[in-house]
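The values are calculated or read from the model by the stated rules, or taken from the named source; none is laboratory data. Every value quoted in this text rests on a predicted model; they were computed, and no experiment measured them. With ideal geometry, Cβ positions are generated from the backbone for all residues, glycine too; neighbour counts draw on all protein chains shown.
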Amino acid sequence: MATTALPPTVDADVARVTETLGMITPRWNVRVLLALRAEPLRYTELTDKMTWLRGGQLHPRLRALGDAGLVGRTEHSVHHVTYHLTGRGTALLPVLPVIATWAEEFLEKPAGPVSTVRNVEDALTLLTRRHAAPILWVLKTRREASARYLADTVMPDGYWTNVYPPLRQLVDDGLVDTAGSGRPYRLTASGHGLGMVFGVLSAWAAGRPLTHASRHPVWGTPDTNTPTEPGTWVSRQSRLPAPPLRPALETGTPRSDLSSGLFSHAAPADPKPALAAGGPRR
């Protein structure tokens with residue numbers, strides 16, 4: 001059933017990407033996936049890797065990731081249970097360095113170092129704002145659009161002025177801009193830069209190789225009006241080396257060489273929460 005007034009194939013694509021973002025964005029989900037990247041672990045081994053989690057906080061995340069088909073559970077005996085990444089979970093890992101690359105380029109730079117996993121978490125929070133994905137899709141397709149057009153397309157069953165809160169949030173997040181009240185909205189450079197991110201998310205959600213990201217019908221085409229360099233591909237290649245099937249996404253051990261893995265800094269022992277809804281870009 002369509003949730004927007006976009007063409008059926010586009011609506012389905014946006015829905016798949018939105019669902020994927022919903023699987024991995026909840027707090028600590030990315031870190032759970034990374035902790036399981038190398039080998040199956042028992043519950044106590046997982047908690048040892050994520051000491052900031054308090055009693056009972058890990059179970060809901062494992063259950064949700066299991067329901068999403070990303071994490072599996074194996075009972076070896078009554079007292080011996082391990083958790084592991086499924087094939088879908090393993091295939092999702094190479095998406096994370098692409099998100100990290102976008103965040104490194106476009107998110108605001110804080111005074112101190114930020115772990116790459118925190119960059120991923122902050123980027124995911126921006127992309128899961130309510131109605132964010134379809135609004136960005138429409139603006140990428142049309143180059144610019146009025147608030148009324150966006151409302152009629154993105155939330156056709158609601159009152160059209162309900163589009164203003166998500167639009168204001170996207171403006172605050174630096175993904176969308178407008179020349180003023182009553183003027184059309186358009187993507188910023190960082191909004192256009194999401195091409196590869198949405199491309200790989202779409203490819204993974206549709207069960208296609210991630211190399212198909214550059215062929216995405218919306219985000220993988222050349223955009224001569226991109227506010228950066230005319231004629232470049234919006235879905236540009238990641239600045240990081242192509243990630244292996246199981247990239248070295250660190251959750252505790254420091255990394256100084258990006259070529260050896262995703263993280264350039266160690267995750268703190270008690271990591272701060274990801275970007276709060278309604279807050280600044282970082």
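Quick notes
- Elements of the type helices (runs of 4 or more DSSP H) sitting completely within the stretch 1-110 and holding at least 3 residues that are over 17 Å from the mean Cα position of the chain (by Cα): these cover 8-24, 43-49, 58-67.
- Tabulated pairs, the stretch 1-28, first over 17 Å from Gly89 (Cβ atoms), second exposed (fewer than 15 other Cβ atoms within 10 Å of the Cβ) and of a type in the set (A, V, I, L, M, F, W, C), C-beta under 6 angstrom, 6+ apart or interchain: Asp11/Ala2
- Qualifying residue in the stretch 30-41 (condition: closer than 24 Å to Val98 by Cα and touching a Phe, Trp or Tyr at 6+ places or on another chain (Cβ under 8 Å)): yes
- The combined condition, being loosely packed, with under 13 Cβ neighbours inside 10 Å and out of contact with any Lys or Arg (no Cβ under 8 Å at 6 or more places or on another chain), is fulfilled by Thr51.
- Of all residues assigned to the stretch 79-99, at least one qualifies as being of a type outside the set (A, V, I, L, M), closer than 20 Å to Ser190 by Cα, in contact (Cβ under 8 Å) with a residue 24 or more places away in the chain and crowded, with 21+ Cβ neighbours inside 10 Å.
- Residue in the stretch 225-234 that is more than 21 Å from Thr125 (Cα to Cα), at pLDDT 95 or above and not in a strand (DSSP E or B) present: no
- Scanning the stretch 166-179 turns up at least one residue that is part of a loop (DSSP other than H, G, I, E, B) and aliphatic (A, V, I, L, M).
- Evaluation of Asp177 against (1) closer than 19 Å to Glu105 by Cβ; (2) within 18 Å of the chain's Cα centre (by Cα) (one fails), failing number: (2)
- Residues that are surrounded by 15 or more Cβ atoms within 10 Å (Cβ to Cβ) and either hydrophobic (A, V, I, L, M, F, W, C) or modelled with pLDDT of 95 or more (or both) within the stretch 54-78 comprise Leu58, Leu62, Ala64, Leu65, Gly66, Ala68, Leu70, Val71, Gly72, listed in sequence order.
- Residue in the stretch 121-140 that is over 15 Å from the mean Cα position of the chain (by Cα), more than 25 Å from Pro166 (Cα to Cα) and not small (Gly, Ala, Ser) present: no
- Only residues that are touching a Leu at 6+ places or on another chain (Cβ under 7 Å) and among the hydrophobic types (A, V, I, L, M, F, W, C) were counted in the stretch 190-200, giving 2.
- The residue list Thr82, Thr90 contains one member that is modelled with pLDDT of 90 or more, of a type in the set (Ser, Thr, Tyr) and closer than 28 Å to Pro217 by Cβ, which is Thr90.
- Selection count where residues are in a helix (DSSP H, G or I) and within 16 Å of Leu201 (Cα to Cα), scope the stretch 111-139: 12
- Enumeration of residues in the stretch 197-215 that are in contact with a helix residue (DSSP H, G or I) (Cβ under 6 Å, 6 or more places away or on another chain), at pLDDT below 95 and surrounded by 19 or more Cβ atoms within 10 Å (Cβ to Cβ): Leu210, Ala213
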